[in-house]
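A.B. asks: Got a structure for you, questions after.
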Amino acid sequence: MIDNSKTLLAALTVYRGSINLVTACNDAFTELSGLTSSVIRNSNLADKLILDKNDHNGNLDTLFDDAMHSEEGIVTNAKIFNQFHYTVGAKLHCVYEGCDIFSLYFSASENKSVDPITRLPNGWALISRINYLLENSRIALKNMVLLILEADNFSAINFRYDYVVGDQFLSLLGQRLQSLVKSFGFVIRFSNAKYAILIEDHENLPELILKRRIELICQNLCFELAKPIVISDELAINKSFSIGVSAPGYEYHSYHAMQIAAETVKQKAKKYSINNYFIATPEPTEDYLRHKLIIEALPKAMSRGVIDIHYQPQYDMKTQTLVGLEALSRWTDQSLGVIRPDIFISIIEEIGLHFEFDLWVFEKVCKQLTLWQRQNIHAPRVAINVSFKTMEMSTFIERIKQILVATGCPTHFLELEVTETASINNTKMLSDNMLQVKALGMHIAVDDFGTGYSSLSLIRTFHNSIDKLKLDRSLVDKVCHTELDKNFIKHIIELGRILDVRVLAEGVETVQQLELLVELNCDYAQGYYFSKALPLTEVIDLIKHDTEVV
Ligand code: C2E
Ligand code: CA
Ligand code: CA
């Protein structure tokens with residue numbers, strides 16, 4: 001019954017009976033849907049096709065009625081279920097052939113479910129597939145596990161080679177993922193070098209077994225992805241990957257929550273390790289909501305000055321006099337309550353607000369120091385936390401200078417505390433900016449020293465610009481535990497001497513720790529033994545009581 005002049009189009013023949021039975025299909029339809037003709041023939045049309053809700057009320061009977069009364073047939077929008085049960089958009093031409101038989105011709109409209117570079121399904125297809133599974137009660141969300149996988153720093157490929165190589169990389173990576181995952185997962189590409197794999201557990205496995213299975217899949221992926229992607233005989237590209245996985249066996253309240261969970265742990269994988277995976281632990285729904293609410297509330301909290309600065313005193317080890325203050329942000333939201341700084345700082349970094357936020361704190365502290373000066377309050381040097389990411393910005397120095405001029409704050413009151421990160425992208429800019437910070441008269445301290453893996457190479461490179469190393473709390477915490485821990489700190493302090501930088505111990509909580517650190521010749525200390533971070537009024541009392549400017 002299919003019109004041969006139109007056979008280049010995907011086509012179906014349908015017999016309208018108690019169900020709309022597909023009686024024939026052409027090759028173009030099997031190609032479009034990815035289904036075999038034996039699956040299509042004798043199936044119910046309603047399982048293979050949905051009409052756009054806006055046309056014919058989404059109702060096939062209405063379409064057929066209309067087609068029976070139109071000589072040219074009816075042209076409308078439809079979606080075809082393909083082999084993965086995600087839908088492919090198409091223009092549909094329905095022609096009545098008589099005797100309750102209809103011919104349906106499809107021309108695939110822009111196929112919004114396929115990624116043009118890799119030919120893999122995309123994020124839209126993934127949602128469509130999940131909806132299909134949920135709506136048809138095939139499996140519940142707790143039987144789905146989402147892996148999000150991303151090549152680290154993919155844009156470097158486009159910059160180093162060109163976009164053609166970048167596209168080839170993405171396409172080959174897609175193929176590799178698909179061949180690794182084979183039939184047990186649904187591979188899609190979201191964007192750039194970000195892919196997802198949906199693993200469906202149709203057997204309703206016990207949580208532990210499902211988790212073990214997922215771990216094996218992740219381990220295999222990490223192993224296989226460590227092998228280079230071969231672009232040509234001359235070019236093979238090695239990239240590291242970060243994988244985040246939603247909590248296996250956990251019933252998320254929505255697909256969106258599941259995706260956020262996988263994304264969040266993927267960020268963690270990216271931050272802490274190379275070629276590794278993190279699996280989310282089940283968390284109450286409120287945490288995701290809270291995360292979202294924090295993101296929404298943050299810009300307002302900054303603009304309305306709701307985030308406050310507290311100051312934690314720093315002391316000279318030997319004389320136990322006040323030598324500095326560390327500015328630490330405190331945020332209490334009217335409805336969200338107290339939001340811990342490590343939580344909102346990581347969100348700030350995640351949404352790319354770190355530059356503006358660090359400068360906002362810098363300005364607030366400068367204003368405070370200028371005010372103290374006018375009020376004859378002799379404050380010691382104040383340390384401000386600034387991420388390396390902020391410091392390597394090309395406009396950093398210019399913005400700092402503007403703030404210094406606008407507030408009139410003397411630079412010798414200021415110290416910038418930088419925390420090393422796994423990814424310093426622009427060492428040249430960072431090094432220039434550090435030198436300029438020094439030239440302006442400010443001090444630089446390296447925060448959390450002894451935790452990151454680039455500590456040593458970092459201070460080796462930048463020791464001329466660094467004034468202080470801040471020994472991380474986790475090391476100080478152990479100093480009294482074993483001889484090894486004590487020796488560890490002893491040698492860091494000696495390293496400070498060699499490099500001519502002072503050493504401050506963070507998180508000093510007990511007199512035993514303090515005494516041992518004095519014995520080891522540590523210069524300064526900060527921690528609950530002395531004081532927690534204090535609000536403005538309390539820190540003013542403290543400054544008035546005991547001050548010595550360094
Ligand atoms: P950090 O820079 O390492 O700051 C020291 C953290 O240790 C502070 O936590 C401080 O309250 C806490 N602390 C100090 N002494 C002790 C002690 O004896 N024992 C224990 N257990 N903890 C101690 P806080 O204020 O919660 O800040 C957490 C992190 O958030 C900071 O770690 C810093 O990385 C970040 N942060 C806080 N405020 C800012 C800010 O204004 N800008 C930026 N960029 N980061 C900030
Ligand atoms: Ca700090
Ligand atoms: Ca620290």
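A.B. asks: Roughly speaking, what is the centre-to-centre gap between segment 24-64 and segment 308-381 when only Cα atoms are used, to the nearest Å?
C.D. replies: A separation of 63 Å, based on Cα centres.
A.B. asks: Counting other Cβ atoms within 10 Å, which GluC sites (Glu not before Pro) in segment 75-173 have at most 11 and lie in a DSSP loop?
C.D. replies: E110
A.B. asks: Most exposed first by the Cβ proxy, i.e. fewest other Cβ within 10 Å, how do V88, V306 rank?
C.D. replies: With the sparsest Cβ surroundings first, the list reads V306, V88.
A.B. asks: Ranking request for peptides 102-108, 538-544: highest mean number of other beta-carbon atoms within 10 Å first, then the rest in descending order.
C.D. replies: So the peptides 102-108, 538-544, ranked by packing, come out 102-108, 538-544.
A.B. asks: What do you get for the angle between helix 285-303 and the principal long axis of the chain? Use alpha-carbon atoms, 0 to 90 degrees, nearest ten.
C.D. replies: 60 degrees
A.B. asks: Right, another one. So what is the 222 nm mean residue ellipticity for the chain from helices alone, if each DSSP H run of at least 4 adds -39500 (n - 2.57) and you divide by all residues, rounding to the nearest 500 deg cm²/dmol?
C.D. replies: -12500 deg cm²/dmol
A.B. asks: May I ask you to derive the FRET efficiency for A140 and D47 from their Cβ-Cβ distance with R0 = 22 Å, giving the value to the nearest 0.05?
C.D. replies: Working from the Cβ atoms, E equals 0.55.
A.B. asks: Let me ask something additional. Counting Lys and Arg as +1 and Asp and Glu as -1, what is the net charge of the other residues whose Cβ lies under 12 Å from the Cβ of G174?
C.D. replies: Neighbour charge sum, excluding G174 itself: +2.
A.B. asks: Work out the FRET efficiency for Q219 and E538 from their Cβ-Cβ distance, taking R0 = 51 Å, and round it to the nearest 0.05.
C.D. replies: With a Förster radius of 51 Å, E is 0.50.
A.B. asks: Using only Cα atoms, locate the centre of segment 469-548 and the centre of segment 388-413, then give the distance between them in Å, rounded to an integer.
C.D. replies: Rounded to whole Å, the Cα centres lie 28 Å apart.
A.B. asks: For D152, D447, which order do you get if you count the other beta carbons within 10 Å of each Cβ and list the fewest first?
C.D. replies: By the 10 Å Cβ count, ascending: D152, D447.
A.B. asks: Which residues does the label zone of F159 cover in segment 220-255, counting backbone N under 19 Å from a point 7 Å along Cα→Cβ?
C.D. replies: Label zone hits: 237-242.
Just so you know, all these numbers are worked out from the coordinates, no wet-lab data involved. Not measured: the values here are computed from a predicted model. So basically every Cβ, Gly included, is an ideal-geometry build from the backbone, and we count neighbours across all protein chains shown.
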